[in-house]
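The values are calculated or read from the model by the stated rules, or taken from the named source; none is laboratory data. Worth saying up front: this structure is predicted, and the values here are computed from it rather than measured. Cβ sites come from the backbone with ideal geometry, for glycine too, and all protein chains shown count toward neighbours. We work out accessible area using only protein heavy atoms, side chains counted, and drop any ligands, DNA or RNA first. Shrake-Rupley method; radii C 1.70, N 1.55, O 1.52, S 1.80 Å.
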Amino acid sequence: MIGANIQKINQEIGPNVRLIAVSKTKPLKDLLEAYHAGQKIFGENKAQEMALKHQELPKDIEWHFIGHLQTNKVKFIAPFVSLIHSVDSLKLLQFINKEGEKINRIIPCLLQIYIATEETKFGLNLNELTEIIEVLKSGNLKHIEIKGFMGMASNLEDTNKIEKEFETLKTLFDSTKDAYFEDMDSFKEISMGMSGDYLLAVKTGSTLVRVGSLIFGSR
Ligand SMILES: *Cc1c(COP(=O)(O)O)cnc(C)c1O
């Protein structure tokens, strides 16, 4: 089941988009089943759960952190995390940089941009994004590599609205790249799309989709 689900999604998203299998709350045996079906990228939203699973599972897995990250939890994932999708404050970015410095590692991150109309979602607004870019440009965060943006659309049935939110993120990504990161090849990722909207996200320019329940079943 899990293997067939992964295969189907990979066919739909094509070779230029990477699938993050969101395995939060799922037992190791489900992750192993996905792994043996060829899935090598997993997404988790709790630092300690991710650290535990990393310890137990094969070492060629890429671990992506996708949830709200508390500063005091950064240390649990800093040594091995492949990409933190969910940087939602300058303070968090500075903490990640400090952890990276301690262990002499450059930690790849995405900036999570607020695109939804729901108040409950995390993410940076435009002022906060501008402030972070200024700090990045000053060259002070030597242990951070910014690889792009992440966004979460509203939890709605309204496809037009979700598509607009994805387009907003893509447009902001393009203009930010032009204005600040044109010379940086590594600024290239747009993480958007989940079980309910990943096809729409891919159509709108996503490079990383984060799919959980459609692979592993409901949580
Ligand atoms: C849980 C989660 C997902 C996956 O959600 P599904 O609807 O199960 O595909 C994607 N992104 C984030 C940030 C999540 O927390």
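Can we say Gly205 is in contact with a Lys or Arg (Cβ under 9 Å, 6 or more places away or on another chain) and either open to solvent by less than 40 Å² (accessible area, probe 1.4 Å) or within 13 Å of the ligand (Cβ to nearest atom) (or both)? Explain how you work it out, then say what you get.
Values: in contact with a Lys or Arg (Cβ under 9 Å, 6 or more places away or on another chain): yes; either open to solvent by less than 40 Å² (accessible area, probe 1.4 Å) or within 13 Å of the ligand (Cβ to nearest atom) (or both): yes.
Criteria met by Gly205.
Return the residue satisfying two criteria in turn: it lies in segment 13-39 and is more than 13 Å from the ligand (Cβ to nearest atom) and among the basic types (Lys, Arg), and of such residues it is nearest to Leu208 (Cα to Cα).
Per the criteria, the residue is Arg18.
Of all residues being under 16 Å from Lys73 (Cα atoms) and buried (at least 20 other Cβ atoms within 10 Å of the Cβ) in segment 100-126, which is farthest from the ligand (Cβ to nearest atom)? Just the residue, please.
Gly100
Residue by residue through segment 184-202, note down the ones that are in a loop (DSSP other than H, G, I, E, B), surrounded by fewer than 19 Cβ atoms within 10 Å (Cβ to Cβ), within 14 Å of the ligand (Cβ to nearest atom) and in contact (Cβ under 8 Å) with a residue 12 or more places away in the chain.
Ser195, the sole residue that qualifies.
Provide a single number: the residues in segment 129-183 that are in contact (Cβ under 8 Å) with a residue 60 or more places away in the chain and hydrophobic (A, V, I, L, M, F, W, C).
At the first step, the residues of segment 129-183 found to be in contact (Cβ under 8 Å) with a residue 60 or more places away in the chain are 147, 150.
When the remaining residues are screened for being hydrophobic (A, V, I, L, M, F, W, C), the result is 150.
Here the count works out to 1.
How about segment 100-123: which of its residues are closer than 28 Å to Glu163 by Cβ and more than 14 Å from the chain's Cα centre (by Cα)?
Within segment 100-123, Ile115, Ala116, Thr117, Glu118, Glu119, Thr120, Lys121 qualify.
Which one of the conditions (1) in a helix (DSSP H, G or I); (2) within 16 Å of the ligand (Cβ to nearest atom); (3) over 29 Å from Leu52 (Cα atoms) does Asn155 fail to meet, given that it meets all the rest?
Condition not satisfied by Asn155: (1).
When segment 127-137 is examined, which residues are found to be at pLDDT 95 or above and either aromatic (Phe, Trp, Tyr) or open to solvent by 40 Å² or more (accessible area, probe 1.4 Å) (or both)?
Of everything in segment 127-137, those that are at pLDDT 95 or above and either aromatic (Phe, Trp, Tyr) or open to solvent by 40 Å² or more (accessible area, probe 1.4 Å) (or both) turn out to be Asn127, Glu128, Thr130, Glu131, Glu134.
Considering (1) among the hydrophobic types (A, V, I, L, M, F, W, C); (2) at pLDDT below 95; (3) more than 16 Å from the ligand (Cβ to nearest atom), say which one Leu141 fails and leave the rest.
Only one criterion in (1) among the hydrophobic types (A, V, I, L, M, F, W, C); (2) at pLDDT below 95; (3) more than 16 Å from the ligand (Cβ to nearest atom) is unmet by Leu141, namely (2).
Has segment 79-91 got any residue that is in a helix (DSSP H, G or I) and either within 13 Å of the ligand (Cβ to nearest atom) or closer than 24 Å to Glu128 by Cα (or both)? Spell out how you get there, then give the answer.
Restricting attention to segment 79-91, the residues satisfying the condition of being in a helix (DSSP H, G or I) are 90-91.
Narrowing further to those that are either within 13 Å of the ligand (Cβ to nearest atom) or closer than 24 Å to Glu128 by Cα (or both): 90-91.
Yes.
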